[in-house]
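Q: One structure follows; several queries about it will come next.
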Amino acid sequence: MTQSPETLAHALLEAARKAGADAADAIAVQGTSLSIDVLNGKLEHAERADGVEIGLRVLMGQRQACVSASDTRAETLTEMAERAVAMARLAPEDPNIGLADPAQLATGWDIDALDMIDLAAEPDPADLEARALEAEAAALAVNGVSQVQSTSAGYGRRTRHIAATNGFSGGYTRTDHGLSCVAITGEGLGMERDYYGDMRMHRADMMSPAEVGRIAAERAVARKGARKPATGAFPVLFDERVSSSLIGHLLQAANGSAIARGASWLREALGEQVLPEGLSLIEQPLRPRASGSRPFDAEGLPTAERAIIDKGVLTGWTLDLATARKLGLQSTGNAARGTSSPPSPSVSNVALTQGSASREDLLRDMGTGLLITSMIGSSINPNTGDYSRGASGFWVENGELAYPVNECTVAGNLRDMLRTIVPANDARTHLSHVVPSLLVEGLTLAGA
């Protein structure tokens, strides 16, 4: 019988003890994924994966090493532990590593309150295929769609358990359901494509397949005849589907790892205003039915809501234990890890204050400029915040969409950009990163 992630994590710890480790933590992840792709009304690809991954971190004094495997036999666990101890003895010393003090550990969490598990039976492959086919048919029914590039439906379930020699032991399970469609309009050099997708923890929250296919198709058709925009300085509206990338750059700059390396354009900005005064950026690790939710972090510390930005002011860094020690601070309960690497700081769910205006209101107010709906590539200077990315979307004239654009570059400086953003009220609240469309003034566009 397959061992549970909890049993495997504790078996790894026992193996580490027998191998002579001073301290250790272990992670075991058991998962199932099912994906179905259809094309031209027929099944294109079906895949199911069931597996277990295990990881062990061993500490010998102030030295550490990580090993991982997908083989859970007893002899493999023993070999992993012996190898990790041998590697740790040869690793360089790091004065900042170490497990949490037992007094810091999370206790008594309410996993049910996070509502991360769909209790319904795993979907049948035929059901997923039917949903994908319905989405594809809906996309093809939209006038102007020349073909559907791909339509996929999927399901996943993952259980992870973390245990450590400091006494911590905890785990949780999450499920996800997904459906996506990519539609194409035009042919040859005039071909344009766009997509839409929906992913939820609970099947009952999913959009209908027909709606997913229709939105993907309408987005693609709207891009027909795209051309380069003008070059110059213009206001830019980052559509809700790409606006979270701007906030993502801010989160990266406020990550403790970047601060500890001195490679962040925010390194001297603690306590300063980095967003407009009325905007806050709140981390919400305990938000129900959100993909980033977690009752404790990868080092066993409790998670809690915190204001990363409070009324425009940067309040602190995102920290795990090691980066906190290096900076002389306390962990914010933000450690994350896979099976093959040590913990590192990472945010969970975040939400930016929404505005009172709609996206259409912001388009009207911007007059002439660019609405960005897709971005490719990036050139971000982590030390200065200088920003340059490829973009496509729609040119705006007199507050209305004039024509689709592609092959342009938008550039500015993140510090200046973020201090002037104006949010709309259109953020989708079920996403892990709840960020509305954002209007930024005076960016440089390079087009025709």
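Q: Would you look at the GNM of the chain, springs on alpha carbons closer than 10 Å, and say which of ASP426, ASP127, ASP386 moves the most?
A: Taking springs between Cα atoms under 10 Å, the residue moving most is ASP127.
Q: Using a ≥ b ≥ c from the Cα gyration tensor of the stretch 230-292 (square roots of the eigenvalues), is it rounded, prolate or oblate, where a/c under 1.5 gives rounded and otherwise the larger of a/b and b/c decides, a/b for prolate? Walk me through the numbers on the way to the answer.
A: Working: a/c = 1.77, a/b = 1.13, b/c = 1.57.
Because a/c hits 1.5 or more and a/b fails to exceed b/c, the stretch 230-292 counts as oblate.
Q: Ok, one more. Pull out a ≥ b ≥ c, the square roots of the eigenvalues of the alpha-carbon gyration tensor of the chain, then state rounded if a/c is under 1.5, prolate if not and a/b is larger than b/c, and oblate in the remaining case.
A: Note, shape of the chain comes out oblate.
Q: Also, quick follow-up: How far apart, in nm, are the 7 Å Cα→Cβ label points at GLU441 and ASP310?
A: With each label point 7 Å from Cα toward Cβ, the separation is 2.8 nm.
Q: May I ask for the net charge around GLY355, where only other residues with Cβ less than 12 Å from the Cβ of GLY355 are counted and Lys, Arg are +1 while Asp, Glu are -1?
A: -3
Q: I've got another one for you. Long-range amide H contacts for ARG306: which residues qualify at under 5 Å (H placed 1.01 Å from N, peptide plane, sequence gap of 5 or more or a different chain)?
A: Sorted by chain and number, the residues that satisfy this are GLU283.
Q: Let me have the relative contact order for the chain, percent, based on Cα pairs under 8 Å that are six or more residues apart.
A: Rounded, it is 15 percent for the chain.
Q: Also, quick follow-up: Report the FRET efficiency, 1/(1 + (r/R0)^6), for LEU119 and THR32, where r is their Cβ-Cβ distance and R0 is 22 Å, rounded to 0.05.
A: Once rounded, the FRET efficiency stands at 0.90.
Q: How much net charge surrounds GLN149 when only other residues with a Cβ under 12 Å from its Cβ are counted (Lys, Arg +1; Asp, Glu -1)?
A: It works out to a net charge of -4.
Q: While we're looking at this one, here's another question. What FRET efficiency comes out for GLU75 versus ASN96 if R0 is 35 angstrom and r is the Cβ-Cβ distance? Round to the nearest 0.05.
A: 0.55
Q: Further question: Taking the Cα centre of each part, how many Å lie between the stretch 227-306 and the stretch 348-376?
A: 16
Q: If you don't mind, there's one more thing I want to ask. Pop out the carbon and sulfur fraction of the accessible area of the chain as a percent, whole number, probe 1.4 Å.
A: Values: 9500 of 19360 Å².
In the chain, the share of accessible area belonging to carbon and sulfur is 49 percent.
Q: I need the shape label for the stretch 88-217. Rule: rounded when a/c is under 1.5, else prolate if a/b > b/c, else oblate, with a, b, c from the alpha carbon gyration tensor. Present the calculation step by step, with values, prior to reporting the outcome.
A: On the way: a/c = 3.86, a/b = 2.09, b/c = 1.85.
Since a/c reaches 1.5 and a/b is larger than b/c, the shape of the stretch 88-217 is classed as prolate.
The values are calculated or read from the model by the stated rules, or taken from the named source; none is laboratory data. Bear in mind the structure is a predicted one, so any value in this text is a computation, not a measurement. As a convention, Cβ positions derive from the backbone with ideal geometry for all residues, glycine included, and neighbour counts pool all protein chains shown. What goes into the accessible areas is simple: the full protein's heavy atoms, side chains included, and nothing from ligands, DNA or RNA. Shrake-Rupley method; radii C 1.70, N 1.55, O 1.52, S 1.80 Å.
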